[in-house]
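First comes the structure, then the notes that go with it.
The values are calculated or read from the model by the stated rules, or taken from the named source; none is laboratory data. These numbers come from a predicted model, not from an experiment. Reconstructed Cβ throughout: ideal geometry from the backbone, glycine too, with neighbour counts over all protein chains shown. Just so you know, the surface numbers come from the protein's heavy atoms only, side chains and all, with ligands and any DNA or RNA stripped out. Shrake-Rupley method; radii C 1.70, N 1.55, O 1.52, S 1.80 Å.
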Amino acid sequence: MKTNGKYHADGLLPIWPFPIPVSEMRERYLVLYTGAINDVLRFNYDLQASSLPPAFAPLREEMKMAGMAFTVKGGPDITTDGEFEMRAQMLEDLHQDSVVIWDCTGDTVTSQWGEVMTMAALKAGCRGALINGIRDTKAILSLNFPVFHKYKTSTGMLGRFRMFYYQKPVQIGEVVVHPGDWIFGDIDGVIAIPQAIAFDVLIAAEKIVHKEEGIKEMVESGMTPTEVVRNGGYF
C-alpha cells in the first residue's frame, strides 16, 4: 500500500492534493483547451511528452473530461478465472472525480468498455475513460459519459482480454501515467499532467487563454500580423 501521503491507508482513494476543492479544479480545467495546457507543459516545464496517442478520440466531438488518473493494465489473454471478480472490484475501487486510464497492451480486437461498466463508473463518481475498444455505443452516448477510444467492436473481452492489475503506473504511447496524475481531454486529444504541478499548470494555462483573448481582439481590430507581434501577441 502507498504510504507517501497521497493516498489513504487502503492505497486506492487519493487524498485531494490541491489547494482548491475538486469541483473548482475540474470546472476551471473544463474551460480550458488542450493546446494551452500542452504549451504550458512544453515551455514552462520542458515536458515534451505529455499528450497521449492521437488515435484516442472522443465519442462525441464536444466531450471533455478532467480528473485524477485511475490506471488499469490489461492485455490479450484467453484465461477467465477470477476475471469477473477483479473487474467488479476495480469498478468498486473507482473514486470520486477519477478518470479511468486503460493500458490495453496494443489490443485491437476486443471491447474493454460497455454500457454496464459505464453505469457503474458513473455511480462511483468517475468522470471519464480512455480505452482502446468500446461497445454498446448508443447506450454510452445516452449516458453522456466522456469516453476517448480507438475503435468500436461488438467483441467482448471475456476469454480474449483480461485485466492484469490497476492503480500502478502505466505507459500510454510515450507517456507514463501515475495514479493521481491529472487527466484532461477534449476534441484535440488527451493530456496527462503530473500531479505535483497540475494546479500550477492550471493557473498558467488560464493566463494563456486570457492573453489569447487579447490577441484575437487585436486581429479582429485590423492589426497586421507584424503589428500584433509587436504588441506582444503571437500566432
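Taking a 21 Å limit on the Cα-Cα distance, which of the listed pairs Lys73/Lys150; Lys150/Lys207; Lys64/Lys150 fall beyond it? Correct reply: Lys150/Lys207. A DSSP coil position with no more than 16 other Cβ atoms inside 10 Å describes the following trypsin sites (Lys or Arg not before Pro) in the stretch 106-201: Arg160. Defining a contact as two alpha carbons under 8 Å apart and six or more residues distant in sequence, what relative contact order in percent does the stretch 90-142 show? RCO, the stretch 90-142: 49 percent. Counting protein heavy atoms only, the chain has 55 percent of its accessible area on carbon and sulfur, 1.4 angstrom probe.
Using Cα pairs closer than 8 Å and at least 6 residues apart in sequence, work out the relative contact order for the chain, in percent. Spell out each step's value before the answer.
Working: 447 pairs, mean separation 62.5, N = 235.
Once normalised by length, the contact order is 27 percent.
Between amide H atoms placed 1.01 Å from N, distances below 5 Å from Val190 occur with Leu52, all of them 5 or more places distant or on a separate chain.
Rank Asp136, Asp39, Asp107 by accessible area, highest first, at a 1.4 Å probe radius?
On the way: Asp136 70, Asp39 45, Asp107 10 Å².
Correct descending sequence by accessible area is Asp136, Asp39, Asp107.
Go ahead and estimate [θ] at 222 nm for the chain from helices alone: -39,500 (n - 2.57) per DSSP H run with n ≥ 4, summed, over the residue count, rounded to 500.
On the way: 7 runs with 76 residues, N = 235.
For the chain, the value works out to -10000 deg cm²/dmol.
The residue list Phe145, His178, Thr155 was ranked by how far each Cα lies along the charge dipole of the chain toward its positive end, using unit charges on Cβ atoms, and Thr155 comes out on top. Exposed loop sites were defined as GluC sites (Glu not before Pro) in DSSP loop states (anything but H, G, I, E or B) carrying at most 13 other C-beta atoms within 10 Å; in the chain the longest segment without such a site runs 63-173. With the cut-off at 1.5 for a/c, could you classify the stretch 37-93 from its C-alpha gyration tensor as rounded, prolate or oblate? In terms of gyration-tensor shape, prolate. Each Lys and Arg adds +1 at its Cβ and each Asp and Glu adds -1 at its Cβ; summed about the Cα centre, the chain shows a dipole of about 300 debye.
Centre-to-centre separation between the Cα atoms of the stretch 129-156 and those of the stretch 76-126: 12 Å. The stretch 51-71 and the stretch 175-218 have their alpha-carbon centroids 13 Å apart.
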